[in-house]
Amino acid sequence: MRIAVFSARAYDRRFLDEANERHGHELHYLEARLDANTAALADGYEGVCVFVNDTVDAATMEQLAAGGTRLLTLRSAGYNHVDLAAAEAHDIAVARVPAYSPYAVAEHTVALMLAVQRKIHRAHNRVRDGNFALDGLLGFDLRNKRIGIIGTGKIGMIVARIMRGFGCSIRAYDPYPNDDVRDFGVRYEDLDTLLGECDVITLHCPLTPDTHHIIDEAALRKTKPGVMIVNTSRGALIDTKAVIDALKDGRIGHLALDVYEEEGDLFFEDLSDTVIRDDVFSRLLTFPNVLITAHQAFFTEEALRNIAESTLGNASAFAEGRASGNEVRIQAVRG
Ligand code: NAD
């Protein structure tokens, strides 16, 4: 299959080329991000491959269909950036990578949790500067703290297991509770109870109309004073302006993010020589108790190898008329 690969970085090429030795597709790498303005670059490509900050809305889908695209293969688990109704209307199949390494994301979540409250990022810079003072670096023991996990799917469940190892007690909220999670001692609560009881709240649910701004001003009025919020799922789970207000008056004690509502204008690019125009993001960077990584939780060797294999496997299955099991359909999402 001829596949146009959008938002392709050197690391994408490396792992896709390696996997393609087994699949034999014709891959055409494009640095451009896919949207309605760049969709014409995919003219004549039956397959189009995208990542999380490509925009595959109705206008983009229409152009892809006009150019002959029949398969959209996502290098991600999340598909909130894809208009599935438009895909169906234009008879473009959509396939994703449901699980490439939930461990990558779960371990990064815990890394952020530890780093932000033990101030590892600040300590590292101090030591390199020859400043060996400890003032301002005071942290807390995670042992005996209560961790609230919102969404106990593949990633949330691994976070729960890891945090049990730290001696934390775990509370969870998920509209579809999982008995395997209960079996290792996690207690499910309603959302308000979880918000009010937990020292750390970590988000592992998908972005949907129900979860959009699940952490907003109203939610932050219910949390414990000095709560830590961690988000490695999707930026729009958090109302960033409400979070900034809560950081200013100390209601949030620590904030660790791997995703940001408006990350599409920033993340995955080297903007070190340009002026950042996003004042909300710039404000976040001013807080000493905020730690941000730029959507790198998935970024491990194992995960990239699995993403490449599944992405091209999905294309191979489509080309051979087989089901991959990774298809995303509007009915399934609605159902
Ligand atoms: P999953 O589908 O296995 O689990 C999601 C869980 O969220 C499910 O148990 C589901 O029941 C629950 N859920 C659904 N609606 C909810 C709601 N309203 N409130 C609470 N829980 C709800 O997904 P996963 O593989 O564990 O991934 C979780 C999220 O992590 C993805 O949706 C994606 O946005 C994000 N992610 C981020 C990165 C990264 O690099 N930062 C990488 C992969 C995935």
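Classify region 116-229 from the C-alpha gyration tensor, please: rounded if a/c falls under 1.5, else prolate or oblate depending on whether a/b exceeds b/c. Since a/c reaches 1.5 and a/b is larger than b/c, the shape of region 116-229 is classed as prolate. Take the Cβ atoms of T274 and S316, set R0 to 30 Å, and the FRET efficiency comes out at 0.15.
Each of A99 and E302 was given a label point 7 Å from its Cα along the Cα-to-Cβ line. The distance between the two points is 1.3 nm. Couplings for region 218-223, taken from phi via the Karplus curve 6.51 cos²θ - 1.76 cosθ + 1.60 with θ = phi - 60°, read 5, 5, 6, 6, 9, 7 Hz in order; Gly and Pro are left as x. Distances between placed amide hydrogens fall under 5 Å for H254 paired with M228, I229, all partners being 5 or more residues away or on another chain. At R0 = 56 Å, how high is the FRET efficiency between A133 and A58 if r is their beta carbon distance? Nearest 0.05 is fine. Plugging the Cβ-Cβ distance into 1/(1 + (r/R0)^6) gives 0.50. Across every direction, the projection of the convex hull enclosing the Cα atoms of region 190-273 has a mean area of 6.0 nm². Among rounded, prolate and oblate, which fits region 187-335 when a ≥ b ≥ c are the square roots of the eigenvalues of its C-alpha gyration tensor, a/c under 1.5 means rounded, and a/b larger than b/c means prolate? Oblate, because a/c is 1.5 or more while a/b does not exceed b/c. What spacing in nm lies between the two simple spin-label points modelled at R9 and A32, each 7 Å away from Cα in the Cβ direction? Using points 7 Å along Cα→Cβ, the separation is 2.1 nm.
Contact order for region 210-335, expressed relative to its length and based on alpha carbon pairs under 8 Å spaced 6+ residues apart, stands at 21 percent.
Relative contact order, whole percent, for the chain stands at 18, derived from Cα pairs under 8 Å and 6 or more residues apart.
Subtracting the Cα-Cα distance of H212 and I120 from 0.36 nm times their residue separation leaves 30.1 nm of extension gain.
With every protein chain left in place, what is the accessible area per residue of region 66-192 in square angstrom, probe 1.4 Å?
It amounts to 50 Å² per residue over region 66-192.
Highest-first packing order for the peptide set 282-290, 314-322 is 314-322, 282-290, based on the mean count of other beta carbon atoms within 10 Å.
With N counted as the residues of region 1-123, its alpha-carbon radius of gyration over 2.2 N^0.38 Å works out to 1.23.
Between T293 and L257, D258, the built amide H atoms are under 5 Å apart, and every one of these is 5 or more places off in sequence or on another chain. Within region 267-296, whose backbone N sits under 20 Å from a point 7 Å along Cα→Cβ of E18? Residues passing the 20 Å test: 296. With helices as the sole contributors, the chain gives -10500 deg cm²/dmol at 222 nm; each DSSP H run of n ≥ 4 counts as -39500 (n - 2.57), and the sum is divided by every residue. Residue-wise HN-Hα couplings along region 160-174, as the Karplus relation 6.51 cos²θ - 1.76 cosθ + 1.60 with θ = phi - 60° gives them from phi, are 4, 4, 4, 5, 4, x, 7, x, 8, 9, 10, 10, 9, 10, 7 Hz; Gly and Pro carry x.
By definition, a body whose alpha carbon gyration tensor gives a ≥ b ≥ c is oblate when a/c is 1.5 or more and a/b is not larger than b/c, and region 40-188 fits this oblate description.
Note that region 245-323 presents 50 Å² accessible area per residue, ligands and nucleic acids not counted, probe 1.4 Å. Phi angles of region 76-85 translate, via the Karplus equation with coefficients 6.51, -1.76, 1.60 and θ = phi - 60°, into HN-Hα couplings of 8, 7, x, 9, 5, 8, 10, 7, 5, 5 Hz per residue; Gly and Pro are given as x. In the chain, the portion of solvent-accessible area held by carbon and sulfur atoms comes to 49 percent [1.4 Å probe, whole percent, DNA, RNA and ligands not counted].
Across all C-alpha atoms in region 276-335, the radius of gyration and Dmax reach 19.1, 54 Å. Taken over the Cα atoms of region 225-300, the convex hull encloses 96 Å³ per residue. Size descriptors for region 223-263, from the alpha-carbon set: Rg then Dmax equal 9.8, 28 Å. For the chain, the spherically averaged projection of the C-alpha convex hull amounts to 18.2 nm².
The values are calculated or read from the model by the stated rules, or taken from the named source; none is laboratory data. It should be emphasised that the depicted structure is a prediction, and the values quoted were computed from it without experimental measurement. Positions of Cβ are generated from backbone atoms using ideal geometry, with glycine treated the same way; all protein chains shown enter the neighbour counts. With ligands, DNA and RNA removed, areas are computed over all heavy atoms of the protein, side chains included. Shrake-Rupley method; radii C 1.70, N 1.55, O 1.52, S 1.80 Å.
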